[in-house]
Amino acid sequence: MNIGRTVFAQLMAFASHKEFQKCVNRYQGDRYSKKFTCWDHYLAMAFAQLTYRESLRDIESCLHSMRAKLYHMGIRTAVARSTLAEANENHDWRMFADFTQTLIAIARPLHATDPFGVELDQTLYALDATTIDLCLSLFPWARFRQGKAAVKVHTLLDLRGSIPAFLYISEGKAHEVNVLDSIVPEAGAVYVMDRGYLDFDRLYRFTVESAFFVLRNKSNVVLRRRYSHPVDRGTGLISDQTVVLDSKRSASHYPDPLRRVSYRDPETGQRLVFLTNNFALPALTIAAIYKSRWKVELFFKWIKQHLRIKAFYGTSENAVKSQIWIAVSVYALVAIVRKRLAIKLSHYGFLQVLSLTLFEKMPILQAFQDTDSEVDTSNTPKQLILFDF
């Protein structure tokens, strides 16, 4: 990397400007932008994510203090909070969504061989949603309950690398199960979900498309056992059965047999019952697959703690969706850079180093070099000894 470029500019070089411009042109994003383009907008918002800026005024003040370095960061004009506010209102959030999907398409193959705790050859996805609370007086368009506003972020997480393969932002009162209509099942892949997604009509699409699902059963689902298979109870397994839906209405939505696996968690003693359309995997692997679903919960916790998606820089629907998509794009970009540069730091550690070095003009790898090596000063004659033991 050119030592004359800032760390921020080197980082953003991994985000193809050409691909970004394709997304902008698709929605005519720069049609009325004279000086502050969509790319300038994206750079400013990505900078805010990487440095944990609290508000538009915070972004403006920080960039203004470093105005001599803005050109070297790729930002070609001064950034005023009014300009950013206008951009958040007017630049179509779909541009950022499309660009995020472009980065995700690059990041996922890079992490295709990452382990995730389950011996499985197929791709494993975890589907879940998280609610982001908002102030009703500031976000009236996002009314959730009486006196409360919220949006819901639905995420299909590829557990190899914890990269979101699909993301959808809905109003807070939208039910999670409806997002199944927007997902195109991938043949051979395994989808793990909680019982909130138990809808046999929608789940049958996975079977038709040769995809597999694993999810918890509900107590009110009436099933009739056809076969029982032997299990090793010493592993926590209670039963492994082939079942069919006993309700005529449910059976009309899902006419094929299902597999019911009962398992007692050795740590909590809780009995869990799973339903799946996969009859080939060992029963213990089915239980392990469901346990890995908690990685999507960790993903939600991580992005809420370390990215700016709980406090927003604008109050419109467009501003909120733009900020969430840009935050996820930064997450995907970090996943790309860490892998391509073979940096062993975690996502969190990587972001911490970046937040302190973005304005520095040094090769980006130099920022992550280990400088904790001990210096031997015992034979240095000019080294002063503070304490003589």
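Restricting the first residue to the stretch 260-275 and requiring it to be surrounded by 11 or more Cβ atoms within 10 Å (Cβ to Cβ), which pairs with a second residue that is among the polar types (S, T, N, Q) meet a Cβ separation below 6 Å and a spacing of at least six or different chains?
260/241; 262/239; 273/217; 273/262; 275/217
Looking only at the stretch 4-33, which residues are under 24 Å from the mean Cα position of the chain (by Cα) and closer than 23 Å to residue 352 by Cα?
The answer is 7, 8, 9, 10, 11, 12, 13, 14, 15.
Can you tell me which residues in the stretch 17-70 are at positive phi and in contact (Cβ under 8 Å) with a residue 24 or more places away in the chain? Can you show your working first?
First, the residues of the stretch 17-70 that are at positive phi: 28, 52.
Passing the criteria: only 52.
Which residues, taken from the stretch 130-162, are of a type in the set (Lys, Arg), in contact with a strand residue (DSSP E or B) (Cβ under 8 Å, 6 or more places away or on another chain) and assigned to a strand (DSSP E or B)?
143, 148, 152
Being touching a helix residue (DSSP H, G or I) at 6+ places or on another chain (Cβ under 9 Å) and either at negative phi or among the charged types (D, E, K, R) (or both) narrows it down to one of 190, 208, so name that one.
Step by step, each of 190, 208 is checked, and only 190 is touching a helix residue (DSSP H, G or I) at 6+ places or on another chain (Cβ under 9 Å) and either at negative phi or among the charged types (D, E, K, R) (or both).
Looking at the stretch 283-314, which of its residues are of a type in the set (A, V, I, L, M, F, W, C) and under 19 Å from residue 169 (Cα atoms)?
Within the stretch 283-314, 296, 298, 299, 300, 302, 303, 307, 309, 311, 312 qualify.
I'm checking my understanding of the structure. Among residues of the stretch 141-159 that are charged (D, E, K, R) and crowded, with 20+ Cβ neighbours inside 10 Å, which one is farthest from residue 113 (Cα to Cα)? Give the derivation first.
Going through the stretch 141-159, the residues charged (D, E, K, R) turn out to be 143, 145, 148, 152, 158.
Those left that are additionally crowded, with 20+ Cβ neighbours inside 10 Å: 152, 158.
Numbers: 152: 30, 158: 12 Å.
Applying the filter and picking the extreme gives 152.
Could you count how many residues in the stretch 324-349 are closer than 22 Å to residue 42 by Cβ and modelled with pLDDT of 90 or more? Give the steps one after another, and end with the answer.
Start the filter on the stretch 324-349 by keeping residues that are closer than 22 Å to residue 42 by Cβ, which leaves 324-341, 347.
Those still in the list that are modelled with pLDDT of 90 or more too: 324-341.
Summing the residues that are closer than 22 Å to residue 42 by Cβ and modelled with pLDDT of 90 or more in the stretch 324-349 gives 18.
Condition test on residue 291, is it surrounded by fewer than 20 Cβ atoms within 10 Å (Cβ to Cβ), basic (Lys, Arg) and over 20 Å from residue 118 (Cα atoms)?
No; evaluated as a whole, the condition is false for this residue.
Tell me, please, whether a residue that is closer than 15 Å to residue 8 by Cα and either assigned to a loop (DSSP other than H, G, I, E, B) or not charged (D, E, K, R) (or both) can be found in the stretch 26-35.
Checked against the condition, which is being closer than 15 Å to residue 8 by Cα and either assigned to a loop (DSSP other than H, G, I, E, B) or not charged (D, E, K, R) (or both), the stretch 26-35 yields no hits at all.
Please work out which one of (1) out of contact with any Leu (no Cβ under 7 Å at 6 or more places or on another chain); (2) part of a helix (DSSP H, G or I); (3) at pLDDT 90 or above is the condition residue 249 fails and give its number.
Going through the list (1) out of contact with any Leu (no Cβ under 7 Å at 6 or more places or on another chain); (2) part of a helix (DSSP H, G or I); (3) at pLDDT 90 or above, residue 249 breaks only (3).
Name the residues in the stretch 311-324 that are touching a helix residue (DSSP H, G or I) at 6+ places or on another chain (Cβ under 6 Å) and either crowded, with 23+ Cβ neighbours inside 10 Å or not in a helix (DSSP H, G or I) (or both), would you?
Correct list: 312, 313, 314, 316, 322.
Only residues that are loosely packed, with under 14 Cβ neighbours inside 10 Å and free of Cβ contacts under 8 Å to residues at least 24 places away in the same chain: list them for the stretch 233-249, please.
Selection gives 233, 234, 248, 249.
The values are calculated or read from the model by the stated rules, or taken from the named source; none is laboratory data. Everything numeric here is computed off the predicted structure, so don't read it as measured data. Glycine gets a Cβ as well: all are built from the backbone with ideal geometry, and neighbour counts include every protein chain shown.
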